[in-house]
Each structure stands twice: as structure tokens, then as C-alpha cells.
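K.L.:
The structure that follows is given in the form of C-alpha cells.
The values are calculated or read from the model by the stated rules, or taken from the named source; none is laboratory data. Please read all numbers here as calculations on a predicted model, not as lab measurements. Here the Cβ is made from the backbone with ideal geometry for all residues, glycine too, and neighbour counts use every protein chain on show.
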Amino acid sequence: MQRLLMAGVLASVSFVAQANTTFGVIPQAGLAGVGATVQWGFTPYLAVSAGYTGLNYSLKDVKTDDATYNGDINLQNPQLFLNWAPFGGHFKVSVGTINQQTDFDLTADDYTDPDSGNKVRVNVSGGYAQSVAPALTVGFESDWTQPGFGYHFSLGGMYAGKPDVDVDIQCTNPAGTCFGLERDEERKLEDELKKYQVLPILQAGLIFRM
């Protein structure tokens, strides 16, 4: 058994040594934004990729018990992945990290102080404190050792952690008071946003390898 295992290891090392490394460029778009990835293919089973995606888009109807928020989110995601094709074909599994630099700004104009009846404007800013997010995807991609044009598709998720939220409440009635409302609304928003600790990944693009 040990001899068989050693023979398999030596065969794998020999195969890697003889393989021709390819270099690919992958323009892509998906839920995490648009951008590009560069990729080094070492064997039909193994490749490494590094890239960046980013996007600004609007958030609508983020609700708590007392208000409805609208605003914008800014995504910036440098990323590094190790890609494995277990059957040496087009199906692949990728594990890696995403250096997420995500922040958001939300505003609600329909919040009313339940104690005074004073209508207030609420501004919310925040982001993810966990800057390095582990990620896992599965997908399909053209053979890493074949130069020329190909395709890329991946689906999975990254663990982003809990968002940090900062709330600023402005009373529309100067005679009213906003005392104590900010921390309470921060807690409610953090409870609402904690469902987004795992963010989806969906990306597709074309590849040119040389």
C-alpha cells in the first residue's frame, strides 16, 4: 500500500513538472460586481486565480419595526482563490478569501418617536468589520491547460460576518427629543442585517488563455 501511494505521489509530481502553465484573463460580472480575474493553470486539476470586482447599487425597503430604509451600497472585493477540478474536466471547486471593503448608507424619513410622536429622519452608515471573508464556490470552466477562448461560471458564498452600524437621528421638530433613540435603532438594524452574514457569490465571464 505504501509503495502504491508513493508511486501515485511521484506520478503526480512528474505530471505537474511536465505540465505547461497557462495564463488567463477573465472579465466577469455577477452579484459581487464587475471586474476581472487573472488565472494561472498548472494542470487539468489545479489553478490559482486572483482578481477584483466592485459595484455601487441601490438598496430598497430595508425594514425594521419602526422604519423603512433606502440607500446605497458600495462593494469592493479583491479576491484570491485556489481552484480544483476533481475530475480533470470542466467542473471545479474553488476555496479562497475575499478582502471585502463593503460599506452602505441608508436613510429613513418615516420613523416616528413612539414616546413624543415626533417624526425624525434617520441616517445609517456601516460596513463589515471582518475584512477578510472566507469563500467557497462550485462551477464550470473551460480546461485550464488549453489556450484560447473559454468560459467561466461559479456559484457559492462568502462569510462576511456581522455588519457594524452607526445611526444618526435628526428630529424634524426642534422642540422634540431624540434622546435614546439612536442606540435602540442601531440594535434593531443590526438584528435585521445579521441575516446577511453569508453573502452569495454568482459570477460568469469569458476567458482568454495563452
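K.L.:
Checking the structure you have, find out if any residue of the range 165-177 is at pLDDT 85 or above, farther than 17 Å from Y69 by Cβ and crowded, with 17+ Cβ neighbours inside 10 Å.
P.N.:
So far as the range 165-177 goes, no, none of its residues is at pLDDT 85 or above, farther than 17 Å from Y69 by Cβ and crowded, with 17+ Cβ neighbours inside 10 Å.
K.L.:
Still on this structure, I have one more. Out of the range 20-51, which residues are surrounded by fewer than 17 Cβ atoms within 10 Å (Cβ to Cβ) and among the hydroxyl-bearing types (S, T, Y)?
P.N.:
Passing the criteria: only T21.
K.L.:
Select from the range 182-210 the residues that are of a type in the set (A, V, I, L, M, F, W, C) and assigned to a helix (DSSP H, G or I) and write down the one among them that is surrounded by the fewest Cβ atoms within 10 Å (Cβ to Cβ). Walk me through it before giving the result.
P.N.:
First, the residues of the range 182-210 that are of a type in the set (A, V, I, L, M, F, W, C): 189, 193, 198-199, 201-202, 204, 206-208, 210.
With the extra rule that they be assigned to a helix (DSSP H, G or I), the set shrinks to 189, 193.
Numbers: L189: 23, L193: 20.
So the residue we want is L193.
K.L.:
Could you list all residues from the range 45-96 that are outside any strand (DSSP E or B) and either among the charged types (D, E, K, R) or free of Cβ contacts under 8 Å to residues at least 12 places away in the same chain (or both)?
P.N.:
Answer for the range 45-96, where residues must be outside any strand (DSSP E or B) and either among the charged types (D, E, K, R) or free of Cβ contacts under 8 Å to residues at least 12 places away in the same chain (or both): D65, D66, F87.
K.L.:
Would you tally the residues in the range 60-95 being more than 11 Å from the chain's Cα centre (by Cα), of a type outside the set (D, E, K, R) and under 25 Å from G205 (Cβ atoms)?
P.N.:
Qualifying residue count, the range 60-95: 17.
K.L.:
Could you check how many residues of the range 191-205 are modelled with pLDDT of 80 or more and of a type in the set (D, E)?
P.N.:
Residues meeting the conditions: 1.
K.L.:
For the range 114-127, check the following and say yes or no: at least one residue is in contact with a Leu (Cβ under 8 Å, 6 or more places away or on another chain) and under 19 Å from L31 (Cα atoms).
P.N.:
Looking through the range 114-127, none of the residues is in contact with a Leu (Cβ under 8 Å, 6 or more places away or on another chain) and under 19 Å from L31 (Cα atoms).
K.L.:
Right, another one. Looking for something part of a strand (DSSP E or B), at pLDDT below 90 and out of contact with any Cys (no Cβ under 6 Å at 6 or more places or on another chain) - is there at least one such residue anywhere in the range 129-139?
P.N.:
yes
K.L.:
Among K162, K188, K119, which is the only one that is in contact with a helix residue (DSSP H, G or I) (Cβ under 7 Å, 6 or more places away or on another chain) and modelled with pLDDT under 85?
P.N.:
K162
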